[in-house]
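Notes to accompany the following structure.
The values are calculated or read from the model by the stated rules, or taken from the named source; none is laboratory data. The shown structure was predicted, so the numbers you read here are calculated from the model rather than taken from an experiment. Cβ atoms come from the backbone with ideal geometry, glycine included; neighbour counts cover every protein chain shown.
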Amino acid sequence: MQTKNSNLSIKTYLDFSQLLELYRGDHEQNRSFALKREKLLQNPLKLLLDWSNLNQFRLTEELNSKSYLSYLSRLSSIFGLLFFIIGFFVGLGLLSYSGEAPVNIIYYLLIVMVVPLLSMTLSLLSMLTHGGVADFFNHLFPLHWIEKLFSTLPFAKRVDSLDSPLSAELSKWIFIERIQLLSLLFSFGLLISLLLMVVVKDIAFGWSTTLQLSPEVFQSILASIGILWEGVLPSAIPSLELVEISQHFRLGRRVDPQMIQNADKLGAWWKFLAMTTIVYAICFRFILWLISKYGVKRQLERDFLALEGVQGILREFNTSFISTKAPKQEIHLEIVEDSIEQVSDNMYKSYNTIFGWNFLKDEIVLANDAKEIRGLAIFAVGGSSSFSEDESKAENAKESVLLFVKSWEPPTMDFIDFLEILIENREVHEVQLYPLGTVGRYYDSDAKDIAIWRRKIQGLKSKKVWVIDDAE
Amino acid sequence: MMQSSSYPKFAVVGHPNKGKSSIVSSMAYDDSIQIGDTPGTTQVNRGFPLKVDGEIIYELFDTPGFQRARRILSWLKEQEPVSADKRGDLVKKFIVENREHPKFKDEIELLEPIVNGAGIIYVVDASKPYGVEYETEMEILRWTGQPSMAILNLIGDEDYRDQWKRALGHYFRLVRTFNPIEATFRDHMELLESMAQLKEEWTKPIQKAIGILETLHQQKIEHSVDTIVSSMQKSLSYIYVAKIKGDSATKLEEKTAKLEYQKQIVKYEREHKQEIEKIWNHRSIDKAEDALLLDDIGLFSKESASIFGLSQKELIITGASAGALGGLGIDLAFGGGTLFLASLIGGAVGGVGAMVGFDNIYDVKVLGQSFGKRELTVGPMKNLNFPYILLGRALYHASVMAKRSHAQRDFVNLGDENSYTGQVIDSDMRKKLERVHVKLRARNVPKDESIKEYRDTVLKGLLGLLG
Ligand SMILES: Nc1nc2c(ncn2[C@@H]2O[C@H](COP(=O)(O)OP(=O)(O)OP(=O)(O)O)[C@@H](O)[C@H]2O)c(=O)[nH]1
Ligand SMILES: [Mg+2]
């Protein structure tokens, strides 16, 4: 168990679970958090607690743990005080010695030993079982019912109406722990009342039972009860003589010298009773309290690791963060809407100049033939010719110009530069741009490709340039 | 000397509109990169480093296309002739001297990563014929002296790959076909294998990158399965609780409660789908999601049941063999059971749709709780087919996301979903699944081993769909 190296409490648990509702980090953050604490990777609980502490600042609203814990601590302190006082008064009641009837130690033993042992057995059973069975055992404790009543009080209502943030198993352990603590306080009350009575009063103890119990047998029972402190404090075990003289019927009805002498000895019982209280009602209970505390802690750890989202965070702690993101943001390009501006299907039979952008001369001739058009001058531009060569050809063009382009190749800026020379050439009256499809498709183009050319030409805002669109 | 960092870099370059950004999207699992018909969509170069815990393994650059290749080549040729080993320096000089030149913005953006040591991945569209104008671009790239390869992308329907290969062979040692839209994870890894061969020093890091990406892929699958399993657990055991006033629920109260129940289940499904999309880095998909067939087919519809649910026969076999019947004892007494009973008696009800009357199959109870509070609870869903519908949809969605290329910008296309169920979940797997379904329906916590078995089965199903 990891219980030793974590300082998990109900508060940290509740705060963590509230944090998880709000924030779980992302893989990058969580992994880099874990890498900074590489030594802790073997200890997920500690790592998660650190993580929770680090991110606690994100919880700006009121903490659930605050209301819940204040409820719990109020519950515990009210009941704690109550149990202490009850213990004290039960002690007083048991020890009230009027000077006539002596105090029956069997009653006392019942309260400081038998009842605690029974209740501890019940606690153990509840600890060892789960779910409905454990619930059944818990219902046997009066505390369960008292708390149930208590929870209808106004200040408790609010917490009660919250969805219980704790699992049933954890609630069970917390309940058991509370029982141990309250019982402990009860027993302290009892012990204190005993000591107090012994100091301020002269109590005569006696014993009586309807059972046929000889002093010898009774003494041996008492001796075995006291076996635990026999070695340390032998005087706290009643002797046979003491047992004999304290049997009720022998005590006589009237005060006589012998009885007065005996009364002195009868007081020797208190040590035994005090030790019984200390050992059975207090020490044993204390051990059980420690066990239940451990149980709470262990259950807290389990629940902690079982909270929704925890396994995801642990996985992020343990797996490398792999990213393929670009650190640089992209500026999104505005897309120009397509319109019918500068689009035409009105071709001439003959042009002054025919250019083929990125075509070979032969290919232009072939296309002219297919489209039944003629040109006074035919030039291959773009492709392998140089920019200055193309420049002079564009400057020398005049009147009507036809410009073949490959429809599937989008317009480059190189092409636009060339087209702008034509636009600026005052001799040129009109430029018709004709996007051709592949020869394989008989120069047919995709509408999608022509749209690209249309958009580009429309963007130039020149009234001189037209796109021939014979797509339909 | 060219400066070079310790990790390999690659610049994806080429003519405008040939799918450079698409290739980078698919290789960097980034569906936010702008891809578009408009040439010049990409205007600046952008690096996509593959990082593991902050350490860069390799970096891929998206770049704008060549715009004025001829002018750059003539600028280079006008310089004092240098020996081949110094030509890279001239390209550098071009960048330095023309940085402010507005006409060379694109070329500088595209050449910059290369002169900084990036290998060249030259992209062409091999569904269109080759042309001499490409030679200018390839010539410039050759001047940089950087290791290079070419990728044939097929954007259209035609295939001019042979022509292209003959031409590209003069400039590039490696020529590979890669279709970013359809590329599978395997294709991606194979492309990386080729890139590893470009330079001796790069082989190891790229091999490492392949290993990392394979691990990542595996992790995503596992993570998806975990997400599906926990979502199934949540949905199948969910109950909706409503406070009611009277002694018993009115018709309206019951109807509202049922609706709320359905809403929550649908919400769980949506959340889980978003989680899956996040795992597979399909973050921009929600825009397209309305067109996702899965949403058209409502979770509670008959269509969904007939595609993803089990047939009557399968259902009966599964129910009987996994002991579902035992757990159903109570249900048979309720409305929902009668449907199931009817089908048991033997095909009295025709068609799978009839098995999916969702209306009567909720467990609806009124609980008289402490201090006079009365509660109406709806759920868990008692319909035996429901878990299979839910799981079927989840697996199908996850597999589509896992296979989807990040270059895809279209709506999700669900092809032959009709053959879905029988394909990946056989009767043996169903038996294992049913064991957990029974528990969840009864709101019992399944044993850890059964959950593990369930998880393994879901994993097997998903792997089956991924092929
Ligand atoms: N069908 C199909 N279309 C593709 C493929 N690759 C790219 N496209 C389409 O081609 C167009 C251009 O793709 P991009 O990736 O933007 O091309 P690019 O080279 O980055 O373009 P620029 O940034 O403008 O230079 C888009 O409409 C893509 O959808 C492919 O393999 N198949
Ligand atoms: Mg681009």
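Things worth noting here:
- Residues of the range B:32-57 satisfying the condition of being more than 13 Å from ligand 2 (Cβ to nearest atom) and crowded, with 23+ Cβ neighbours inside 10 Å: B:L50
- Scope the range B:2-26; condition within 12 Å of ligand 1 (Cβ to nearest atom) and either out of contact with any strand residue (DSSP E or B) (no Cβ under 9 Å at 6 or more places or on another chain) or of a type outside the set (S, T, N, Q) (or both); matching residues: B:V12, B:V13, B:G14, B:H15, B:P16, B:K18, B:G19, B:K20, B:I23, B:V24, B:S26
- Taken over the range B:139-194, the criterion of being within 16 Å of ligand 1 (Cβ to nearest atom), hydroxyl-bearing (S, T, Y) and more than 14 Å from every other protein chain (Cβ to nearest Cβ) is satisfied by B:T177, B:T184.
- The residues in the range B:1-17 that are crowded, with 22+ Cβ neighbours inside 10 Å and facing another protein chain (nearest Cβ under 9 Å) can be counted, and the count is 2.
- Any hit, the range A:416-426, residues being more than 16 Å from ligand 2 (Cβ to nearest atom), away from chain B (no Cβ under 13 Å), assigned to a strand (DSSP E or B) and in contact with a helix residue (DSSP H, G or I) (Cβ under 9 Å, 6 or more places away or on another chain): no
- If you go through the range B:10-42 and keep only what is outside any helix (DSSP H, G or I) and β-branched (V, I, T), you end up with B:V12, B:V13, B:I33, B:I35, B:T38, B:T41, B:T42.
- Counting only helices (runs of 4 or more DSSP H) that sit wholly inside the range A:253-355, those with at least 2 residues that are modelled with pLDDT of 85 or more are A:269-276, A:284-306, A:310-318.
- Within the range B:27-42, being within 11 Å of chain A (Cβ to nearest Cβ) and either in contact with an Asp or Glu (Cβ under 9 Å, 6 or more places away or on another chain) or modelled with pLDDT under 90 (or both) holds for B:A28, B:S32, B:I33, B:Q34, B:I35, B:G36, B:D37, B:T38, B:P39, B:G40, B:T41, B:T42.
- Qualifying residues in the range B:27-56 (those that are away from ligand 1 (no atom under 11 Å from the Cβ) and among the charged types (D, E, K, R)) - the one nearest to A:S407 (Cα to Cα): B:D31
- Taking helices (runs of 4 or more DSSP H) as the structural unit, those lying wholly within the range A:24-129 and holding at least 3 residues that are more than 19 Å from A:Q311 (Cα to Cα) correspond to A:64-95, A:105-109, A:115-128.
- If you check B:T215, B:T227, B:T250, B:T203 for being buried (at least 17 other Cβ atoms within 10 Å of the Cβ) and either modelled with pLDDT of 90 or more or farther than 30 Å from B:A118 by Cβ (or both), only one passes: B:T227.
- Selection within the range A:175-207 - more than 30 Å from A:S73 (Cα to Cα) and surrounded by fewer than 17 Cβ atoms within 10 Å (Cβ to Cβ): A:V199, A:V200, A:K201, A:D202
- Test: residue in the range B:66-78 that is more than 14 Å from ligand 2 (Cβ to nearest atom), of a type in the set (D, E) and within 30 Å of A:T319 (Cβ to Cβ): no
- Residue tally, condition more than 7 Å from every other protein chain (Cβ to nearest Cβ), of a type in the set (A, V, I, L, M), assigned to a helix (DSSP H, G or I) and farther than 18 Å from B:V132 by Cα, over the range A:427-453: 3
- Qualifying residue in the range B:125-137 (condition: out of contact with any helix residue (DSSP H, G or I) (no Cβ under 6 Å at 6 or more places or on another chain), on the phi < 0 side of the Ramachandran plot, away from ligand 1 (no atom under 16 Å from the Cβ) and of a type in the set (V, I, T)): yes
- Extreme residue, nearest to A:K328 (Cα to Cα), among residues of the range B:43-66 that are part of a loop (DSSP other than H, G, I, E, B) and within 8 Å of chain A (Cβ to nearest Cβ): B:V44
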